[in-house]
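To start, the structure under review is shown below, and the notes come after it.
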Amino acid sequence: MPPVIRRATVADAATLSELAARTFTQTFGHLYPAEDLAAFLGENYTVDRQRTILAHPAYAVWLVEQGGAAVGHAAAGPCGLPHPDVRSGDGELKRLYLLEHMHNGGLGGELCRVALEWLLRDGPRTLWLGVWSRNLAAQRFYARRGFEHVGDYEFPVGRVRDHEFILRRPPAPLA
């Protein structure tokens, strides 16, 4: 059965909470002391926090499901990155994760396309995202979609401060 991408609803908050914690841990959990990882997950991926995001009209989240199980997600909304060129109305791809066994099958590209189309639904605008400075595969993935490194910031996970890159894609010219 092929994977299906669908827009998440408030009713998906518990599924999103579990999936977000699982995908973050699979991808980055080895980088942090257990107590720092637990604190980060407990602050950022609670059911209540996901419910708030899912209910907010300026944000959108998509789930990837295969055989009835959630295997990936993406989130988008207003840009909140610390860069002096961020303007009101700019959009941000906030999260894009797949469980490890779903990597390298083209599904990440499709999920990204869906999120970027949503961000551009009202017309061209500047798009942003943050990516770990040592995640070279993700940087290449986003570069293929027109994003360029324009800044740096620290991303806190407990006491650890990750060096992150800020990537930007300018608005496409109107045809």
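The values are calculated or read from the model by the stated rules, or taken from the named source; none is laboratory data. Being a predicted model, the structure only gives us computed values, none of them experimental. Cβ coordinates were reconstructed from backbone atoms using ideal geometry, including for glycine residues, and neighbour counts include every protein chain displayed. Please note that ligands, DNA and RNA were not included when accessible areas were found on the heavy atoms of the full protein model with its side chains. Shrake-Rupley method; radii C 1.70, N 1.55, O 1.52, S 1.80 Å.
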- prompt: How large is the convex hull of the Cα atoms of the chain per residue, expressed in Å³ as a whole number?
  reply: 122 Å³
- prompt: Quick one: putting +1 on the C-beta of Lys and Arg, -1 on the C-beta of Asp and Glu, what dipole do you get for the chain around its Cα centre, in Debye to the nearest 20?
  reply: 420 debye
task: With the full set of protein chains in place, find how many percent of the accessible area of the range 20-175 is carbon and sulfur; take the probe as 1.4 Å.
output: 52 percent
message: How many angstrom lie between the Cα centre of the range 132-160 and the Cα centre of the range 46-99?
response: 16 Å
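Any idea of the accessible area per residue across the range 60-175, 1.4 Å probe, to the nearest Å²?
Values: 5880 Å² over 116 residues.
Result: 51 Å² of accessible area for each residue.
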- request: Rank Gly130, Asn104, Val114 by how far each Cα sits towards the positive end of the charge dipole of the chain (+1 on Lys, Arg Cβ; -1 on Asp, Glu Cβ) and give me just the farthest.
  value: Val114
